[in-house]
1. Over all directions, average the projected area of the Cα convex hull of region 270-469 and note it in nm².
2. Provide the net charge surrounding G122, with neighbours chosen by a C-beta distance below 12 Å and charges set as Lys +1, Arg +1, Asp -1, Glu -1.
3. For the chain, which longest stretch is free of loop sites, where a loop site is one of the GluC sites (Glu not before Pro) that DSSP puts outside H, G, I, E and B and that has at most 13 other Cβ atoms within 10 Å?
4. List the relative contact order of region 1-247 as a percent without decimals, with contacts defined as Cα pairs under 8 Å and 6+ residues apart.
5. At L425 and I164, where each label point lies 7 Å from the Cα along Cα→Cβ, what is the point-to-point distance in nanometres?
6. What FRET efficiency comes out for the pair F503/K88, r = Cβ-Cβ distance, R0 = 45 Å, nearest 0.05?
7. Once both labels are modelled 7 Å past Cα along the beta-carbon direction, what's the V100-Y521 spacing in nm?
8. Rounded to the nearest 500 deg cm²/dmol, what is the calculated helix-only ellipticity per residue at 222 nm for the chain, with -39500 (n - 2.57) per DSSP H run of length n ≥ 4?
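Only the coordinates and a few stated rules stand behind these numbers; no lab work does. Model, not experiment: these values are computed from the prediction. Cβ atoms come from the backbone with ideal geometry, glycine included; neighbour counts cover every protein chain shown.
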Amino acid sequence: MKLRKNTFMQGAFIASMGIVISKILGIIYVIPFYATIGEQGGALYGYAYNIYSIFLSLSTAGVPLAVSKIISEYNALGYYKEKEQAFKIAKRLLSAIGIVCFLVLFIFAPSIAELIIGNVEGGNTLSDVVFVIRVISFSILVVPILSVYRGYLQGHKYITPTSISQILEQIVRVLIIIIGSYLTLKVFNLSLASAVGVALFGATAGAICSYLYLVGKVLKHRKELRANLDKEETVSVTVKDIILKILLYSFPFVFGDVFKSLYNSVDTFLLIRTLVNGLGFAAVDAESVMSVISTWGNKLNMIVMAVGTGFMVSIIPNITYSLVKKDYHDIKLKINKTFKIIICITLPMVVGLSFLAEPVWNVFYGYSKYGPSVFSLSIFIAFVSVIVTLCTTILLTLKDYKMLFTNLLIGLLIKATLDIPFIYLFNYLGLPPYYGAISATILGNTISFIIVVIFLYKKYDIDFFKSFKTFGFILLGVITMVLSLSLLKLVVPFTSSRIGSIFTIVLYAVIGAGIYFFIIYKSKVIYDIFGNNIFDVIKRKLKIGKKATKKESN
């Protein structure tokens with residue numbers, strides 16, 4: 001059976017579906033995983049994963065896209081031999097980078113663990129942290145080469161196998177996380193560190209299965225992939241040219257991913273030690289807080305991130321097209337509209353999840369001393385992260401790499417500089433000190449956003465001030481929603497039972513969403529953002545759906 005090439009729309013749909021399914025799997029597994037390893041285990045898992053993500057970004061970010069662009073470019077130019085040469089060089093280059101990153105992470109695991117928890121006692125031990133970092137480091141030997149195979153197939157417009165490989169990787173990973181950690185801890189009665197280690201090994205096992213699947217596909221369809229190889233090319237491409245292309249195409253994405261990972265890692269290095277050594281928190285309590293920020297709460301933040309990412313997928317080709325046509329007026333309109341759509345949808349989601357932090361946490365994880373309190377504020381990190389990711393995407397598309405670097409660096413420095421002072425400040429004010437670390441993250445991202453807004457206004461004359469009326473009505477809708485839900489809470493208070501919490505979430509979500517959309521409908525904001533014919537489009541879609549259903553029943 002031949003591989004089927006995908007059209008642009010088919011490819012976009014298949015790739016999006018792969019991402020959505022992977023995200024859903026990534027959210028669902030946290031319920032049994034939390035029940036198995038708890039908050040202390042979640043902190044240990046977060047220590048390893050946050051550090052691993054930095055090295056993973058260094059070795060893989062942007063690689064599938066870079067390889068895909070090179071393969072596609074050489075195919076179009078008829079450089080068939082050079083295309084295969086690029087594939088071989090990419091495999092060797094990424095294998096070498098992966099080995100170097102693995103060795104650094106494995107060898108220096110004790111030093112990294114020391115930076116994370118230092119002399120903190122009463123929670124996870126130094127040896128536990130070293131162990132889990134070394135377990136996850138093995139994944140870096142596989143993932144880079146896996147990303148090359150994905151890029152190779154994508155470059156030939158075979159999107160389906162790469163999407164299947166992503167889902168396969170996530171399924172294997174999730175099964176090992178759930179079953180492996182449970183058996184290790186509950187059946188074989190091994191240590192918590194061993195259970196977390198098995199869960200982290202799921203990343204390596206998932207990557208291996210995905211890699212073997214793609215290698216099998218490439219070998220099975222070798223003839224199709226290497227078609228026209230005997231044709232002569234008129235231009236010779238050097239090894240140096242290919243390596244430079246891979247690095248050049250990958251760098252902006254590597255850079256963006258590394259900074260995102262560093263944002264998460266600042267708290268990994270600073271929060272625990274400050275709470276325990278500076279403010280007298282018990283190590284177990286400090287690690288509970290850290291587990292919410294780095295692992296459990298972060299998984300729930302993915303709900304907002306997934307929605308935001310879905311809307312951002314379309315902006316890259318659209319802005320790129322307008323940029324090629326030098327239609328800067330169209331670029332202004334598209335960027336402004338994208339910000340409006342993202343804020344209109346994600347802001348009420350975030351505020352709603354913050355308001356419902358207690359029942360949401362209860363449904364996913366059950367009772368927690370710190371969970372709802374930390375999550376009620378940390379969910380706002382998802383909102384500012386979506387906005388900054390949108391800014392990063394726009395700057396990447398416009399190829400303003402210098403501003404991208406400056407913007408992310410300033411945000412990260414603000415976060416790192418203010419983390420500890422804010423922890424002490426919030427404690428002095430009688431507020432939970434860990435709110436200081438979360439607020440530093442929100443502030444760093446907010447300033448990054450402001451810098452990009454000013455830059456886009458000065459360079460491209462994109463005036464966001466004209467959208468303030470729209471943003472004002474969105475804010476009015478959100479405030480009205482919160483006030484209404486606060487009154488509802490007097491009549492229907494939150495419950496501690498899981499079933500009751502599900503009912504509460506559904507009831508509050510329906511009423512809250514209804515009130516919010518009523519406000520933006522009455523203020524005509526919904527027309528400003530989605531167009532005057534938004535309801536006609538929805539009705540037309542519904543009619544088409546009904547007709548299709550009738551035909552099927554006949």
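1. Result: a mean projected hull area of 11.9 nm².
2. -3
3. 233-554
4. After rounding, I find 32 percent.
5. About 5.4 nm, to one decimal.
6. 0.20
7. The modelled label-to-label distance comes out at 5.8 nm.
8. Per the formula, -27500 deg cm²/dmol.
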